[in-house]
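Undergrad: Here you go, one structure.
The values are calculated or read from the model by the stated rules, or taken from the named source; none is laboratory data. Small disclaimer: the values here were computed from a predicted structure and weren't measured. Quick reminder, even Gly has a Cβ in these numbers, built from the backbone with ideal geometry, and neighbours come from all protein chains shown. Remember, those area values only see protein heavy atoms, side chains included, never the ligands or the DNA or RNA. Shrake-Rupley method; radii C 1.70, N 1.55, O 1.52, S 1.80 Å.
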Amino acid sequence: AFSHSGLTSADVPSSVVRIGEGAFSGSPLLRSARLAPGVMIIEDLAFANCPNLEYIDIPVTVTEISATAFDGCDNLTINGIAGSAAEAYAAAHGIPFVSMNEWASGTYGENIHWVLDNDSVLRISGTGAIEAAEHFTEYPWYSWGRQIVAIIIDEGITEIPAECFSFS
């Protein structure tokens with residue numbers, strides 16, 4: 001897709017579920033990449049041989065990272081969530097890992113992902129409608145409602161049910 005490109009940064013939206021084999025490989029100017037929650041798989045050589053890639057943000061939704069995904073990225077630091085596949089990958093491959101701040105995260109339904117960060121911002125990502133709960137207290141972010149100061153809803157979300165963000 002962007003192999004051997006002149007990109008300096010890559011911001012992959014939540015609508016992308018899989019980063020294919022060699023998608024960004026051999027991009028000598030690529031310095032940073034951010035994967036939005038929703039990305040689940042990073043395939044073989046996806047970012048390989050990007051010698052100036054300094055960091056990549058990998059969300060908790062990524063559960064599969066090929067062993068060769070970052071071959072030849074000798075200056076890389078992986079930013080991710082403690083206990084995630086990103087942290088396990090970094091440890092197994094001797095790549096520095098920085099834990100990103102979050103209070104909580106998870107999935108809701110089949111295609112919705114949510115993260116509440118330490119700045120009290122709730123980010124909802126994924127594709128399709130947020131399924132209606134029988135009662136607003138059943139939404140997984142409900143218990144943090146009084147701490148939430150902002151909500152970001154990514155463009156892949158098509159419907160928000162009544163009382164989805166009721167916290168009283």
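Undergrad: Quick one: what pairs do we get from the range 1-22, first residue over 23 Å from Ile152 (Cα atoms), second among the acidic types (Asp, Glu), C-beta under 6 Å, 6+ apart or different chains?
TA: Here the result reads Gly20/Glu43; Glu21/Glu43; Glu21/Asp44, each pair linking the range 1-22 to a residue that is among the acidic types (Asp, Glu).
Undergrad: Mind counting the residues in the range 31-45 that are open to solvent by 20 Å² or more (accessible area, probe 1.4 Å) and either assigned to a loop (DSSP other than H, G, I, E, B) or without any contact (Cβ under 8 Å) to a residue 24 or more places away in the chain (or both)?
TA: 5
Undergrad: Can you name every one of the strands (runs of 3 or more DSSP E) wholly within the range 107-160 that holds 2 or more residues which are buried (at least 17 other Cβ atoms within 10 Å of the Cβ)? If you could, list the steps in order and put the result at the bottom.
TA: Working: elements: 112-116, 121-126, 150-153, 157-159.
It comes to 112-116, 121-126.
Undergrad: Now for a different question. Would you mention how many residues in the range 55-73 are modelled with pLDDT under 95 and either within 12 Å of Phe24 (Cα to Cα) or open to solvent by 50 Å² or more (accessible area, probe 1.4 Å) (or both)?
TA: Qualifying residue count, the range 55-73: 3.
Yes/no per residue for (1) β-branched (Val, Ile, Thr); (2) open to solvent by 10 Å² or more (accessible area, probe 1.4 Å); (3) under 21 Å from Gly156 (Cβ atoms); (4) outside any loop (DSSP other than H, G, I, E, B):
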{"position": "Leu29", "(1), (2), (3), (4)": "no, yes, no, no"}
{"position": "Phe47", "(1), (2), (3), (4)": "no, no, no, no"}
{"position": "Asn75", "(1), (2), (3), (4)": "no, yes, no, no"}
{"position": "Ala82", "(1), (2), (3), (4)": "no, yes, no, no"}
{"position": "Tyr89", "(1), (2), (3), (4)": "no, yes, no, yes"}
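Undergrad: Kindly establish whether Ile152 is out of contact with any Asp or Glu (no Cβ under 8 Å at 6 or more places or on another chain) and in contact (Cβ under 8 Å) with a residue 24 or more places away in the chain.
TA: yes
Undergrad: Next up: Could you list all residues from the range 1-27 that are of a type outside the set (A, V, I, L, M, F, W, C), part of a loop (DSSP other than H, G, I, E, B), open to solvent by 60 Å² or more (accessible area, probe 1.4 Å) and modelled with pLDDT of 90 or more?
TA: Thr8, Glu21
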